[in-house]
Amino acid sequence: MYPELGQFALILALLLAVLLSVVPLAGSVTGRDNLQAFARPLSAGLFVFVAIAFAILTYAFLIDDFSVAYVANNSNSMLPWYYKFSAVWGGHEGSLLLWILMLAGWTLAVAVFSRRLPSVMIAQVLAVMGMITVGFLLFTILTSNPFDRMLPNVPADGNDLNPLLQDFGLIVHPPMLYMGYVGFSVAFAFAIAALINGKLDAAWARWSRPWTTVAWAFLSLGIALGSWWAYYELGWGGWWFWDPVENASLLPWLSGTALMHSLAVTEKRGVFKSWTVLLAIVTFSLSLLGTFLVRSGVLTSVHAFASDPERGTFLLALLAITIVSSLILYAVRAPVVHVRSRYGSMSREIFLLLNNVLLVAATLLVLIGTLYPLVLDYLDMGRLSIGEPFFNLTFSPLAVATGLLMGAGVFSRWKKTDGGWLGRKLLWPLAVSLLVTTVLMVVYGGFKPWAFMGCFAAVWVSVATLWDLWDKSASRKGRLYGLKRQSRSYYGMVLGHLGMAITMAGATVVSNYGIERDVRMSPGDTAMVGDYQVEFIEIGDRQGRNFSAQYGTFVVSLDGDAVSILHPEKRQYLVQRSVMTEAGIDAGLFRDVFVAVGERISDDAWAIRLQYKPLVRWLWLGSIFMAAGGFLAIADRRYRVRDKATEKRAATTPEPRGDAAEALS
């Protein structure tokens, strides 16, 4: 009976989403406050009923109700309870329901935490989010119902969860990723509301900026968790494969990074307004594109869920409606925006504009590299594989250039920056960065052109950011007082830039100085990887709850001293008979030693993969810094204290007549 209650809850949620899409928007158009007031209670009701449906589906997994087709296809009675919980989003239907739950949660959060916004604006924002929810609820109910029954032929047990997903990383990775994906819907909704009102001003940017930043922070964590999972779970030791589904999450992150910086300029200086709105539309559209790629069946990947053409057609239609309608509105409203603010050729505005250009270029590069093979295949024009060599060759120069701009832009000033002063300011950070990078080249084994450029960009960003922090801490009352008077938003920027530098350093060093060996080993054999000796001790057997495993015992030594004992496994899952590799990793801040057991070659010999990974942990440490910087930035006081001057301008300034926001120095 309760699965039917879950289905009923989804239908009620759809009705509330339709009302949310229509009633507050009608109130904003007609000026009726009573209709606008429905936005918040409708948002709360929508979240409650989606949460009820999600809770019922979770309950079905935990009690092994195999009469529900989705449960039978993605769970098993031998599955540990925590994997039964994560199995809720382990397949297409449940992951889509998780997406809708996140969307309803973001909608409720906007309703609760935006009480200082004008009622017209919040009514329009929530109405736009209601429209998005209507599309996804229709998609779920019509093509991807997680509550479909298998009556009367109920299976005795389920097919089990994909063994690849039976891992802690896949418990936390999808929710974090979806929080970022769906969070950009808020920026999109604010942009559409601003276009409807015709008020693309500093107030709109100020309201939208914290929501964009927190979505970007969650997406950063989600991508990092996915990279970490691929590194230790798939057995190959790589951290990014340029898989199309991986790229689907990178695309909105790149454009979202550009959007964050563009919002800062719009809020501070009242410029880039039309460009910022376009970035908001593009970023959310790329989030929808990622959903289409994963769930349409156009891709074959360990990350992809669905292969039903009907679902792909529905998602493609939803994507087309969203993009076309928003771009039409943009085409009609954006040309009437005029800007009176002026800035010089060496201003912070220019540095941020160039930053945007590079990030958008990187986005287009990844987009073309991802979609071009799919288009060729669809048109029967042959098959083409675009992989790691192409992306490394083309993406790396853009990443390095972005890092160089970040370091220089930190010292620039709004409106105008004296070129001579900026050159003198950059001289010492430049010298220190060159010295540190040269030392790194010596430590890690010699000069390599791209390794030098990547490390220099990473060190340059770090040194410039810390140098700027030192400058800003100067005060007659002492350095500590100078540090205390800086805003949380500034410290968020510092953490974000340092995080980017740490990630760039990790990616550069592990890609250029990592060592990989595939060797044949029998118990008693030793092999070297880098400076480390790996000794194969024995092979043993163990039994898990829903798998059997052969595990190796390996001793890792440095200069004759044992530093760790690793137990990589070869698992065979009992239901699906799938064989999985579980790597053994001696993890450290400055290096990993990675051991994976491959196939048995003879009675006592195995194929063993040994890898030495310098600074690989910095990839994910940098992502944590970036996310922490985002969360710290949204805690800034100005997002919690009412800015009456900005809100007054938003309420009284008719943007189509060309009034620009007040320029702030």
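No lab work stands behind these numbers, since they all come straight from the coordinates. The structure presented is a predicted model; accordingly, all values stated were derived computationally and were not measured. Note: ideal-geometry Cβ built from the backbone for every residue, glycine included; neighbour counts use all protein chains shown.
Amide H contacts for residue 529 (H built 1.01 Å from N in the peptide plane; partners 5 or more residues away or on another chain; cut-off under 5 Å): 534. In the range 1-161, inverting the average of 1/r over every pair of distinct C-alpha atoms gives 16.4 Å as the Kirkwood radius. Here r is the Cβ-Cβ distance between residue 67 and residue 29 and R0 is 35 Å; the resulting FRET efficiency, rounded to 0.05, is 0.15. Once you sort the root eigenvalues of the Cα gyration tensor of the range 515-617 as a ≥ b ≥ c, which label holds: rounded (a/c under 1.5), prolate (a/b larger than b/c) or oblate (the other case)? Cα axes put the range 515-617 in the prolate bin. For q = 0.05, 0.08, 0.12 Å⁻¹, what log10 I(q)/I(0) does the chain give under the Debye formula with an equal point scatterer on each alpha carbon and no solvent? So the normalised log intensities work out to -0.26, -0.67, -1.37.
Residue order for 273, 477, 268, fewest other beta carbons within 10 angstrom first, comes to 477, 268, 273.
Ranked by the mean number of other Cβ atoms within 10 Å of their residues, highest first, the peptides 435-444, 545-554 come out as 545-554, 435-444. I need the shape label for the range 346-486. Rule: rounded when a/c is under 1.5, else prolate if a/b > b/c, else oblate, with a, b, c from the alpha carbon gyration tensor. Here the range 346-486 falls in the prolate category. Packing, as the average of other Cβ atoms within 10 Å across residues, places the peptides 209-220, 67-78, 571-582 in the order 209-220, 67-78, 571-582, highest first. The residues 370, 313, when put in order of fewest to most other Cβ atoms within 10 Å, stand as 313, 370.
Whole angstrom only: what separates the Cα centroid of the range 389-428 from the Cα centroid of the range 265-282? What the calculation gives is 21 Å, centre to centre.
Ranking of 602, 475, 255 by neighbouring Cβ atoms within 10 Å, starting from the fewest: 602, 475, 255.
Farthest towards the positive end of the charge dipole of the chain, among the residues 393, 371, 118, is the Cα of 118, using unit charges on the Cβ of Lys, Arg, Asp and Glu. Straight-line cross-link partners of residue 416 among the aspartates and glutamates, defined as a Cα under 17 Å from its Cα and at least 8 positions apart when in the same chain: 349, 662.
Quick check: Cα centre of the range 492-561 to Cα centre of the range 565-617, how many Å? Centre-to-centre distance over Cα atoms comes out at 8 Å.
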